[in-house]
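For reference, the structure discussed in these notes is given below.
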Amino acid sequence: MIDLKTKGLPNGIEIGGTPFLLDTDFRVWMTFPERIGQLRDGEITGYRGLFLERYPTPGKAVIEALGRFYRPPREVPRAEETSERLLDLDIDADYVYAAFQQAYGIDLTEADMHWHKFSALLAAVPQGTTLTDIIGYRSYKGSSKDPLHKEHMKLKGMWALPQPVSDDEKEAIEEFNKLFG
């Protein structure tokens with residue numbers, strides 16, 4: 001969450017009293033989940049790319065601090081929590097780009113923007129953009145009594161995001177590739 005009582009936006013994390021500067025560009029942080037996934041697989045290059053100068057030894061405290069930077073706490077009313085993914089920054093990139101252009105006049109291919117600023121603007125994209133329509137389709141939970149329920153469910157299915165591959169499925173794919181790849 002952006003703190004309007006302070007000037008500027010956070011540019012680092014602190015681990016054990018030692019500050020570490022981060023590359024705060026929104027493009028870098030759009031890849032955060034993949035970078036952390038690579039780190040879990042033993043690949044450190046993507047992780048290092050989050051930092052400007054030196055970087056801390058990866059560990060639980062570092063991952064938690066990076067997670068707080070990636071998704072700062074926001075106090076917003078919520079009717080219900082859902083783990084359903086409604087947006088994928090890769091799959092929906094064209095719609096995110098168009099929404100920023102339409103709503104804010106920002107060309108994301110040319111913009112230099114802090115991750116927190118990008119996140120705040122993305123969270124507040126106004127209705128009337130294709131992006132908000134798509135998110136509406138994906139989040140539909142209406143009643144079968146609704147006369148348009150069938151149409152809404154069709155749109156929800158058409159715009160559904162692919163489900164992430166489980167660890168078991170990844171292992172099976174790797175095993176298959178070893179045998180036949």
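Residues whose amide H comes within less than 5 Å of that of I106, counting only those at least five positions distant or on another chain, are Q101 (H built at 1.01 Å from N in the peptide plane).
You can think of it this way: the chain between Q102 and R68 has 9.3 nm of extra reach, that is 0.36 nm per residue less the Cα-Cα gap. Backbone amide hydrogens, once placed in the peptide plane, bring L22 within less than 5 Å of G12, I13, L52, excluding anything fewer than 5 places away on its chain. A Cβ-based charge dipole, computed about the Cα centre of the chain with Lys and Arg at +1 and Asp and Glu at -1, lands at about 560 debye. Each residue of segment 22-29 was assigned a 3J(HN,Hα) from its phi angle through the Karplus curve 6.51 cos²θ - 1.76 cosθ + 1.60 (θ = phi - 60°); the sequence is 10, 7, 8, 4, 4, 5, 5, 7 Hz, with glycine and proline shown as x. Exposure proxy for F118, F180, F20: other Cβ atoms within 10 Å of each Cβ, ordered fewest to most, give F180, F20, F118. Converting phi to 3J(HN,Hα) with the Karplus coefficients 6.51, -1.76 and 1.60 and the offset θ = phi - 60°, segment 86-98 yields 10, 8, 10, 5, 7, 5, 9, 3, 4, 6, 5, 4, 5 Hz in sequence order, with x at every glycine or proline.
Overall, the ratio between the Cα radius of gyration of the chain and 2.2 N^0.38 Å, rounded to two decimals, is 1.22. Per-residue ellipticity at 222 nm from helix content only, as computed over the chain with -39500 (n - 2.57) for each DSSP H run of at least four residues, stands at -13500 deg cm²/dmol. Highest mean packing first, where packing is the average number of other Cβ atoms within 10 Å per residue, the peptides 92-101, 34-43 line up as 92-101, 34-43. In segment 84-181, Cα pairs under 8 Å separated by at least six residues give a relative contact order of 26 percent. Across the chain, the relative contact order, built from alpha-carbon pairs under 8 Å that are at least six residues apart, equals 20 percent. Backbone geometry of segment 127-135 corresponds, through the Karplus equation with coefficients 6.51, -1.76 and 1.60 at θ = phi - 60°, to 3J(HN,Hα) couplings of 4, x, 9, 4, 4, 5, 4, 4, 4 Hz, x marking Gly and Pro.
Read-outs throughout are calculated quantities, based only on the coordinates presented, and are distinct from any laboratory measurement. Treat the numbers as computed from the prediction; the structure is a model and nothing was measured. With ideal geometry, Cβ positions are generated from the backbone for all residues, glycine too; neighbour counts draw on all protein chains shown.
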